[in-house]
Amino acid sequence: METIKIGTQEWATKDLKVLTFLNGEKIKIAKNAKQWQKAGEEEMPICCFFNFNREDNENIGIYYNYHCLTDPRGLIAKEFRLPTADDFITLLNETGLIENNNRWYFDGDNSSLFQTENDSLFKAVAGGMVSQWGSFFNEGESFQSWTSTRLSDYQSYNLTLKNSKIKSESNSAVISTPYENAAGFTIRLLLDN
């Protein structure tokens, strides 16, 4: 997996795109909202493609529920790790974003983090998320990726980067309010030094 050093950290330059656990067993792929929702209700690992269409995988990537991350078969190669909320805060600080009265809200130009023609370092793709009910949100508007920081056994935090091409009155980056572990986000890995 290709990486890029940003400040003191070394990040993968693309979202995780694996369909098997480390032991070789396949991750179940949801083909519709009903399958996605059922797996979440049963706390089973599952992944999906945008709009449950494998053809849309080329640019956006794969969405994983949090149960994929906690499955004992393992998802992440040992040289990498899932970033904590603090790891993402370090990234945001090192790319010049400014904390906005709350350590998990940031303002400023985040265009250097998005995949653009001018060689972004982080290469975020605004693929949004899939809810625990199997509805897709924020495609084209934000990059959303899981963190390893959990609120409870049922909710975990994610990083949300607002697409710099869309003018917004709200923060340009947020370590988000926790989502249900049955929701789906992309996964961006950090080299485990």
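Things to note:
- Candidates I46, I76: the one that is in contact with a Cys (Cβ under 8 Å, 6 or more places away or on another chain) and either farther than 19 Å from T147 by Cα or among the hydrophobic types (A, V, I, L, M, F, W, C) (or both) is I46.
- Criterion (open to solvent by less than 60 Å² (accessible area, probe 1.4 Å), more than 28 Å from G40 (Cβ to Cβ), of a type outside the set (S, T, Y) and assigned to a strand (DSSP E or B)) met by exactly one of F143, F106: F106
- Flag if S120 is surrounded by fewer than 20 Cβ atoms within 10 Å (Cβ to Cβ), modelled with pLDDT under 90 and in a helix (DSSP H, G or I): no
- Matching residues in the range 130-140 - criterion: being open to solvent by less than 10 Å² (accessible area, probe 1.4 Å) and either of a type outside the set (G, A, S) or within 22 Å of W11 (Cα to Cα) (or both): V130
- Number of positions in the range 74-91 that are among the acidic types (D, E), outside any loop (DSSP other than H, G, I, E, B) and open to solvent by 70 Å² or more (accessible area, probe 1.4 Å): 1
- Near pairs, Cβ below 7 angstrom, 6+ apart or cross-chain, from the range 77-104 (free of Cβ contacts under 8 Å to residues at least 60 places away in the same chain) to any residue that is of a type in the set (D, E) and open to solvent by less than 70 Å² (accessible area, probe 1.4 Å): I98/D107
- The set of residues in the range 1-19 that are among the polar types (S, T, N, Q) and either under 19 Å from F143 (Cβ atoms) or open to solvent by less than 60 Å² (accessible area, probe 1.4 Å) (or both) comprises T3, Q9, T13.
- Per-region count, the range 53-73, residues in a helix (DSSP H, G or I), modelled with pLDDT of 95 or more and surrounded by fewer than 22 Cβ atoms within 10 Å (Cβ to Cβ): 3
- Of all residues in the range 148-175 being open to solvent by less than 20 Å² (accessible area, probe 1.4 Å) and without any contact (Cβ under 8 Å) to a residue 60 or more places away in the chain, the one that is nearest to D109 (Cα to Cα): L161
- Residue match in the range 21-37 (condition: under 15 Å from W133 (Cβ atoms), modelled with pLDDT under 95 and not in a strand (DSSP E or B)): no
- Within the range 39-58, residues that are within 10 Å of G184 (Cβ to Cβ) sit with their Cβ atoms under 6 Å from residues that are at pLDDT 95 or above and open to solvent by 90 Å² or more (accessible area, probe 1.4 Å), at 6+ positions apart or across chains, in these pairs: I46/K28.
- Residue count, the range 69-89 (criterion: closer than 15 Å to N158 by Cα and of a type in the set (A, V, I, L, M, F, W, C)): 5
- Output for the range 141-159, where each listed residue is closer than 16 Å to L82 by Cβ and under 12 Å from the mean Cα position of the chain (by Cα): F143, Q144, S145, W146, T147, S148, S156, Y157, N158, L159
The values are calculated or read from the model by the stated rules, or taken from the named source; none is laboratory data. Note that the coordinates shown come from a computational prediction; the quantities given were computed from them, not determined experimentally. Every residue, glycine as well, gets a Cβ built from its backbone with ideal geometry; the counts of neighbours run over all protein chains shown. In case anyone asks, the SASA skips ligands and DNA or RNA and just uses the protein heavy atoms, side chains included. Shrake-Rupley method; radii C 1.70, N 1.55, O 1.52, S 1.80 Å.
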